[in-house]
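The values are calculated or read from the model by the stated rules, or taken from the named source; none is laboratory data. Computed from a prediction, not measured in an experiment: that's the story for all the values here. Heads up, the Cβs are rebuilt from the backbone with ideal geometry, glycines too, and the neighbour counts pull from every protein chain shown. Side chains included, ligands, DNA and RNA excluded: accessible areas come from the protein's heavy atoms. Shrake-Rupley method; radii C 1.70, N 1.55, O 1.52, S 1.80 Å.
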Amino acid sequence: MAQEMFRICPTTGLRVDLRAQALIKWNAVAGIVFLAIGGLFGLSVALTRWPAVHLLPADWFYLALTAHGLDVLLLWIIFFEIAVLYFAGAILLGSRIAAPRVAWAAFVLMLVGGLTTNVAVLQGGSTVMFTSYVPMKAAPHFYLGLILFAVGALTACGVFFGTLVVAREERTYNGSIPLVTFGALTAAIIAVFTLACGAIILIPTFLWSVGIVHAIDPLMYKLIWWGMGHSSQQINVSAHVAIWYAIAAIVLGAKPLSEKVSRAAFLLYIFFLQLASAHHLLVEPGVSSEWKIFNTSYAMYLAVLGSMIHGMTVPGSIEAAQRAKGFNRGLFQWLRKAPWGNPAFAGMFMSLVMFGFLGGISGVVMGTEQINLMMHNTLYVPGHFHGTVVAGTTLAFMAVTYLLIPLIFQREVRFPRLAQWQPYIFAIGVMGISLFMMGAGTLGVPRRHWDITFADALTKYQFPPAAYLMLALNGLSAICAALGGFLYVLIAVSSVFFGKRIGDAPAAAPAKPAARPPVAPVGTYGSAGTLHIPGTVVLVGVFFVSFVLYYFVNWKYLAEIWPLR
Amino acid sequence: MAISPPAERVWWREKIHREELVWIIVAFLWGLVMFFMMIYWHIVGQQNLSNETYRVTPEAFAAKADAMIAKYTVRDDNGIPVVKPPAGSDVYLIARVWLWYPHLELEKGQSYRLHLSSMDYQHGFSLQPVNLNIQVQPGYEMVLTLTPSSAGEFGVVCNEYCGLGHHTMVGKIFVVDRKPAI
């Protein structure tokens with residue numbers, strides 16, 4: 001293997017495969033472009049939901065909603081995830097990337113697929129929502145684009161697995177793979193299951209759309225489609241948890257409290273997260289309660305257990321690192337003295353908190369079999385998943401971008417003052433979007449609905465004024481989040497193309513073993529002073545009490561609705 | 001660090017720190033509580049979704065609904081019949097683009113066997129302001145026993161996207177107090 005394929009990163013000492021670097025760059029840029037497009041669609045949806053503004057006509061609203069889901073939930077997140085996989089595989093292991101040509105083919109397939117489906121949506125004949133529930137039929141190239149995209153993403157996962165094998169064969173690292181790579185591996189394993197589900201259901205649906213298959217059972221479609229649709233959110237969870245660990249390590253030198261516990265928590269994701277398809281079938285005919293209870297709880301909440309563990313070990317590792325640096329006063333000096341002006345850290349920590357409090361708690365409550373009766377298909381659902389995939393995943397991806405720009409793009413971050421503010425602006429907006437949509441949902445406001453005033457309807461229903469207030473606040477929050485998103489795209493794109501270049505370290509720098517830490521690990525396991533984490537215990541306690549209270553409050557609400565059996 | 005291989009090569013032999021261990025146990029037990037809460041509610045709770053479902057064709061379901069409408073229509077509401085079926089009877093509600101058909105008049109405190117099915121796409125039965133939401137599928141007839149516990153006029157909003165007129169799909173359920181026996 002030729003040495004000139006690599007450069008040594010001057011800041012981290014990581015050995016960077018130049019071909020992996022180019023692949024990371026282009027996958028990330030493609031993701032950011034789709035984020036910009038999808039974000040604009042999202043803003044237009046929120047402004048239409050705000051009754052006083054009511055921006056788009058009905059057909060455009062439903063079209064924009066379809067495109068919004070497609071562009072941000074699928075294309076932005078998966079493109080960026082592929083970049084994360086290549087980073088966690090090739091760069092963190094100091095290895096060459098396996099089969100770079102195949103990786104480029106995967107990129108092209110994903111891009112062509114994503115564009116094809118976007119074209120299908122914009123042509124207007126495929127306004128079927130992101131979920132495209134049969135028997136509602138989209139144009140054939142809507143499904144074809146998704147299939148191409150899935151095949152491309154699956155191929156990219158294969159390149160990642162291949163890179164792990166190459167790194168092991170060529171001994172580019174000692175011992176076990178790093179925790180972050182382990183998390184990325186978790187994401188890739190779940191991705192294989194997910195994309196396979198997508199292929200299993202979308203290929204016959206494509207054949208149905210061109211008239212070869214006679215009919216697709218709507219329940220079967222929904223069950224398997226959500227094997228892709230929900231499980232792909234678990235790819236996101238694994239990926240953004242891996243990023244939390246990565247940012248804590250790179251910015252603060254944080255070390256996992258216990259490798260065993262953190263890895264076991266990722267393993268729980270692999271075993272149990274796939275059951276989540278059931279979350280979408282809780283009020284469906286034809287599926288038994290026993291099936292619903294077992295699957296919706298991920299077999300007794302074992303995947304939730306995984307997330308709750310990360311929810312402690314990530315802040316715990318930060319607290320341990322900060323205390324080792326001497327921030328030892330009181331419960332929270334470590335947190336007060338954290339680098340809140342560093343957008344990577346600020347974004348990461350807000351992602352952690354909001355994912356737990358907004359997305360996590362609401363998801364478990366909403367996924368309770370009977371409580372789902374009060375929430376299914378209301379705006380509570382998008383309220384929940386904007387807490388997970390936007391406040392959690394997207395914010396974490398934005399945060400890690402501020403580290404990738406110098407490391408991978410070899411540029412300084414432009415507009416550093418704006419960059420400091422960007423995560424806060426975005427986070428406040430997303431927090432509002434999530435909370436106010438959940439609020440509207442508890443008042444019964446439906447999701448995917450153009451006009452809750454029912455102006456054109458023969459029969460009317462009057463929602464309470466509080467619902468209108470919630471939708472207005474949601475619109476304002478969306479403007480705030482869109483501003484944060486715009487700043488992110490501006491900073492990322494202009495840094496990548498116009499940022500000041502950062503030079504390389506001399507090529508003579510030692511190459512193996514690679515992946516050396518930028519700063520010495522703070523404290524080893526069991527050493528005194530690093531492992532008392534009272535601040536984290538208090539934070540986790542607050543989380544737990546909120547969780548339990550909110551859970552039982554919802555059972556109380558449920559007990560008040562009409563009896564049914 | 002999390003971005004480099006574990007410092008301890010045999011990391012799986014590490015002892016788990018006490019604060020972590022306590023949290024793992026608490027979180028695991030909480031998961032069990034939440035799991036058994038769903039089962040407990042099936043035993044003592046009043047709000048559980050029925051498991052009774054049949055395969056049905058749109059034509060067969062519409063025929064059953066039409067028979068009920070012919071027998072029990074009491075008045076007309078904007079061109080849509082309002083049906084008042086006897087307490088305890090089978091009540092059929094058709095979902096189709098973009099209509100809930102017919103409108104229903106039920107008595108408070110009485111139970112009805114409500115049959116739901118769609119003629120075309122998927123629809124969402126969203127009873128407001130009760131906020132009770134059930135998915136309605138074509139080809140499947142779900143039967144649930146519903147007991148209105150409050151009187152008044154209730155809207156049935158469609159909350160599953162069903163095409164460009166989705167937002168105009170609203171039905172009605174009127175719940176009246178039971179007339180005292182004479």
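Among all positions in the range A:409-422, there is at least one residue which is among the basic types (Lys, Arg), out of contact with any Ser or Thr (no Cβ under 8 Å at 6 or more places or on another chain) and surrounded by fewer than 24 Cβ atoms within 10 Å (Cβ to Cβ). Output yes when any residue across the range A:489-503 is under 25 Å from A:THR66 (Cα atoms) and either modelled with pLDDT under 95 or touching a helix residue (DSSP H, G or I) at 6+ places or on another chain (Cβ under 6 Å) (or both), and no when none is. Yes, because at least one residue in the range A:489-503 is under 25 Å from A:THR66 (Cα atoms) and either modelled with pLDDT under 95 or touching a helix residue (DSSP H, G or I) at 6+ places or on another chain (Cβ under 6 Å) (or both). Number of residues in the range A:360-417 that are under 23 Å from A:CYS9 (Cα atoms) and of a type in the set (Val, Ile, Thr): the value is 5.
Could you list, in sequence order, all residues of the range B:107-138 that are touching a Leu at 6+ places or on another chain (Cβ under 8 Å) and either of a type in the set (A, V, I, L, M) or farther than 25 Å from A:ASN554 by Cα (or both)? If the condition is that a residue be touching a Leu at 6+ places or on another chain (Cβ under 8 Å) and either of a type in the set (A, V, I, L, M) or farther than 25 Å from A:ASN554 by Cα (or both), then B:TYR112, B:ARG113, B:LEU114, B:HIS115, B:LEU116, B:LEU132, B:ILE134, B:VAL136, B:GLN137 are the ones that fit.
Annotation: of all residues in the range B:63-85 being free of Cβ contacts under 8 Å to residues at least 24 places away in the same chain and farther than 14 Å from B:LYS172 by Cα, the one that is most open to solvent (accessible area, probe 1.4 Å) is B:LYS71.
Listed by first and then second residue, the pairs with beta-carbon distance under 7 Å, at least 6 apart or on different chains, first residue in the range B:107-132 and at the interface with chain A (Cβ under 10 Å from one of its Cβ atoms), second of a type in the set (Asp, Glu) and not in a loop (DSSP other than H, G, I, E, B), are B:SER117/B:GLU141.
Looking across the range A:125-152, the residues that are in contact (Cβ under 8 Å) with a residue 40 or more places away in the chain and open to solvent by 40 Å² or more (accessible area, probe 1.4 Å) come down to A:PRO135, A:LYS137, A:PRO140, A:LEU144, A:VAL151.
Number of residues in the range B:60-102 that are of a type outside the set (S, T, N, Q) and over 27 Å from A:ASN372 (Cα atoms) equals 25.
So that you can scan it fast, the table gives a plain yes or no per residue for (1) of a type outside the set (Phe, Trp, Tyr); (2) away from chain B (no Cβ under 14 Å); (3) closer than 30 Å to A:ASP451 by Cα:
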| site | (1), (2), (3) |
| --- | --- |
| A:GLU319 | yes, no, no |
| A:GLN333 | yes, yes, no |
| A:GLY356 | yes, no, no |
| A:GLY359 | yes, yes, yes |
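Checking the condition at pLDDT 95 or above, out of contact with any Gly (no Cβ under 7 Å at 6 or more places or on another chain) and on the phi < 0 side of the Ramachandran plot, which residue from A:PRO406, A:PRO465 passes?
Residue meeting the stated conditions: A:PRO465.
Looking across the range A:264-283, the residues that are at the interface with chain B (Cβ under 10 Å from one of its Cβ atoms) and open to solvent by less than 10 Å² (accessible area, probe 1.4 Å) come down to A:ALA265, A:LEU281, A:LEU282, A:VAL283. Just give me the residues in the range B:1-30 being of a type outside the set (D, E, K, R) and in a loop (DSSP other than H, G, I, E, B), in sequence order. Within the range B:1-30, B:MET1, B:ALA2, B:ILE3, B:SER4, B:PRO5, B:PRO6, B:ALA7, B:VAL10, B:ILE16, B:HIS17 qualify. Criterion first (crowded, with 20+ Cβ neighbours inside 10 Å, more than 10 Å from every other protein chain (Cβ to nearest Cβ), within 30 Å of A:LYS255 (Cβ to Cβ) and in contact (Cβ under 8 Å) with a residue 60 or more places away in the chain) does A:ILE177 satisfy it? Judged against the criteria, A:ILE177 is not a match.
Looking at (1) within 15 Å of A:VAL151 (Cβ to Cβ); (2) touching a residue at least 60 places away in the same chain (Cβ under 8 Å), can you tell me which one A:GLY198 breaks? A:GLY198 satisfies every listed condition except (2). A residue that is under 20 Å from the mean Cα position of the chain (by Cα), more than 22 Å from B:SER111 (Cβ to Cβ) and open to solvent by 70 Å² or more (accessible area, probe 1.4 Å) occurs nowhere in the range B:5-25. Counting the residues of the range A:292-310 that are farther than 25 Å from A:THR536 by Cα, more than 7 Å from every other protein chain (Cβ to nearest Cβ) and of a type in the set (Gly, Ala, Ser) gives 1. So if I check each of A:GLY286, A:GLY311, A:GLY360, A:GLY341, which one is open to solvent by 20 Å² or more (accessible area, probe 1.4 Å) and on the phi > 0 side of the Ramachandran plot? The unique qualifying residue is A:GLY286. Against the list (1) within 23 Å of A:THR394 (Cα to Cα); (2) part of a helix (DSSP H, G or I), the condition A:ALA338 fails is (2). Of the strands (runs of 3 or more DSSP E) lying entirely inside the range B:88-182, those containing at least 3 residues that are touching a helix residue (DSSP H, G or I) at 6+ places or on another chain (Cβ under 8 Å) are B:90-96, B:112-118, B:132-136. Just checking, which of A:LEU63, A:LEU56 is open to solvent by less than 40 Å² (accessible area, probe 1.4 Å), outside any helix (DSSP H, G or I) and farther than 27 Å from A:LEU92 by Cβ? Going through A:LEU63, A:LEU56 in turn, just one is open to solvent by less than 40 Å² (accessible area, probe 1.4 Å), outside any helix (DSSP H, G or I) and farther than 27 Å from A:LEU92 by Cβ: A:LEU56.
All of (1) open to solvent by 50 Å² or more (accessible area, probe 1.4 Å); (2) more than 22 Å from the chain's Cα centre (by Cα) hold for A:ALA120 with one exception: (1).
Candidates are the residues of the range A:396-436 that are hydrophobic (A, V, I, L, M, F, W, C) and in contact with a strand residue (DSSP E or B) (Cβ under 9 Å, 6 or more places away or on another chain); the one that is farthest from A:PHE87 (Cα to Cα) is A:ILE405.
Among residues of the range B:34-59 that are under 16 Å from A:LEU373 (Cα atoms) and within 7 Å of chain A (Cβ to nearest Cβ), those with a Cβ under 7 angstrom from a residue that is of a type in the set (S, T, N, Q) and open to solvent by 30 Å² or more (accessible area, probe 1.4 Å), sequence gap 6+ or separate chain, pair up as B:ASN51/A:SER288. Quick check: anything in the range B:83-90 away from chain A (no Cβ under 12 Å), under 18 Å from B:ARG55 (Cβ atoms) and not small (Gly, Ala, Ser)? Yes: the range B:83-90 contains one or more residues that are away from chain A (no Cβ under 12 Å), under 18 Å from B:ARG55 (Cβ atoms) and not small (Gly, Ala, Ser).
Out of curiosity, is A:GLY429 open to solvent by 10 Å² or more (accessible area, probe 1.4 Å), free of Cβ contacts under 8 Å to residues at least 60 places away in the same chain and touching a helix residue (DSSP H, G or I) at 6+ places or on another chain (Cβ under 7 Å)?
Spelling it out, it is not the case that A:GLY429 is open to solvent by 10 Å² or more (accessible area, probe 1.4 Å), free of Cβ contacts under 8 Å to residues at least 60 places away in the same chain and touching a helix residue (DSSP H, G or I) at 6+ places or on another chain (Cβ under 7 Å).
Condition check for B:MET38 on (1) of a type outside the set (S, T, N, Q); (2) outside any helix (DSSP H, G or I); (3) open to solvent by less than 60 Å² (accessible area, probe 1.4 Å): one failure, at (2).
Inspection of the range A:164-174 identifies at least one residue that is outside any helix (DSSP H, G or I), modelled with pLDDT under 95 and crowded, with 19+ Cβ neighbours inside 10 Å.
For the range A:369-376, the criterion of being within 10 Å of another protein chain (Cβ to nearest Cβ) and more than 27 Å from A:LEU65 (Cβ to Cβ) is satisfied by at least one residue.
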